[in-house]
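The values are calculated or read from the model by the stated rules, or taken from the named source; none is laboratory data. If you're wondering where the values come from, they're calculated on a predicted model, not measured in any experiment. Don't worry about glycine lacking a Cβ; one is built from the backbone with ideal geometry, like all the others, and counts go over all protein chains shown. Only protein heavy atoms, including side chains, enter the accessible area calculation; ligands, DNA and RNA are left aside. Shrake-Rupley method; radii C 1.70, N 1.55, O 1.52, S 1.80 Å.
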Amino acid sequence: MIGTSHRPTTTSQPPLTLSEDVAEALRAGRPVVALESTIITHGMPYPDNMAMARQVEQDCRDHKVVPATIAVLDGAILVGMSPDQLTALAKASAPMKLSRADLGFAVAMGRTGGTTVSATMICAALTGIAVFATGGIGGVHRGGEASMDVSADLEELCRTTVTVVCAGAKAILDLPRTLEYLETRGVPVVGFGTDRLPAFWSRESPWRVPLRLDSPEEIARLMAARQALGLGGGVLVTNPIPAADEIPYDRMALLVEQALADAREAGIEGKAVTPFLLSRLLTLSDGASLTANIALVRNNVQLAARIATAIAA
Ligand code: PSU
Ligand code: MN
């Protein structure tokens, strides 16, 4: 109760700033979906990034679910953002790309950045949000067996208990090694209504997805069963892009080869690789990759909203 005791100012509370509607929904047990923000800062150009960010928040509200876009502005971890805060993030000059390794640094140094899948999962779990929607996850990069370029997203899926809805992984990655990594570390990879691993812009890839579920209620049951068994760690739901918006795998594969060659030639390394490839593919596909990207993110957010609703029921 307020006023009955003095609390020391150094509490063990994590430094998270919840928007009023997120805090209110969590108190009342109403559904909330977390949304990442590297897609805003590094995944799409301005102003498409801002339009997409607003659209997916509206998609959540249309499903009577509260959106919690997560990002770091001037060192504050925001869980749920105002329209002004979203605009500031979308327009930020040289924002950081924040994974697990960078989150504490950004808070300590008052920096601004978009949170990747790994950092967004951490913040969602700290807040008590169980479902999170993104476009595509990071994975084992092609040649990763030599470069050791493996996205921190995979390790986060192993350790942090949040269900992540994505459109599979991009063909810029080594998809079979990405699946192997997740299997070894005990992360269930679920195809939503499909037996084939979706490949982001494409509904199907040549690889089978290990598990299949066909409704949001089944996904909620999987989450409940894992919780009852004390199995920590994430669930990865892979949701194929709507047919009307897809770029077929074989066509995309050619553009991906070109973009990878360009990245090698330009000497791009480390965390710059994914943003570089995405922007190259935007050019190489004459903008088609961006249209597809927006469609698949919306599709994922809508599924995440249905899963969050099924859990709350
Ligand atoms: N997929 C997109 N756009 C993105 C990303 C994925 O369509 O911006 C981001 C996600 O935030 C993901 C990150 O967590 O890329 C992975 O980066 P890396 O491969 O450097 O781990
Ligand atoms: Mn990497």
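Descriptive notes on the structure:
- Relative contact order [Cα under 8 Å, 6+ residues apart], the chain, whole percent: 19 percent
- Model label sites at ALA272 and ALA28, defined 7 Å from Cα along the beta-carbon direction, differ in position by 4.8 nm.
- Neighbourhood charge, 10 Å Cβ-Cβ cut-off, centred on ALA125 and excluding it, Lys, Arg +1 and Asp, Glu -1: 0
- For the peptides 64-72, 251-259, the ranking by mean Cβ contacts within 10 Å, running from highest to lowest, is 64-72, 251-259.
- Amide N proximity, the stretch 182-212 versus ASP250 label position 7 Å along Cα-to-Cβ, cut-off under 20 Å: 196-208
- Lys, Arg +1 and Asp, Glu -1 on Cβ, resulting dipole of the chain about Cα centre, debye, nearest 20: 580 debye
- Taking 0.36 nm per residue of separation and subtracting the current Cα-Cα distance, fully stretching the chain between GLU20 and ASP62 would add 13.3 nm.
- Looking at the chain, the accessible area is 46 square angstrom per residue; that uses a 1.4 Å probe and ignores ligands, DNA and RNA.
- Here ALA228 and ALA261 are evaluated by their C-beta separation; at R0 = 30 Å the FRET efficiency comes out at 0.05.
- Contour minus Cα-Cα distance for THR291 and ALA243 (0.36 nm per residue): 16.0 nm
- For THR69, the amide hydrogen comes within under 5 Å of the amide hydrogens of LEU35, GLY80, MET81, counting only partners 5 or more places away or on other chains and with H modelled in the peptide plane.
- Theoretical ellipticity at 222 nm over the chain - DSSP helices of four or more residues, -39500 (n - 2.57) apiece, nearest 500: -14500 deg cm²/dmol
- Förster radius 30 Å - calculated FRET efficiency between GLU180 and ARG221, Cβ distance, rounded to 0.05: 0.70
- Kyte-Doolittle mean at least -0.5 and Cα axial length at least 30 Å: DSSP H helices in the chain: 288-312
- Count Lys and Arg as plus one, Asp and Glu as minus one, and take only other residues whose Cβ is under 13 Å from that of LEU182; the net charge is then -3.
- Percent antiparallel among DSSP beta bridges (both partners in the stretch 107-217, rounded to 5): 40 percent
- Of all lysines in the structure, those lying under 18 Å Cα to Cα from LYS271, and not within fewer than 8 positions of it along the same chain, are LYS97, LYS170.
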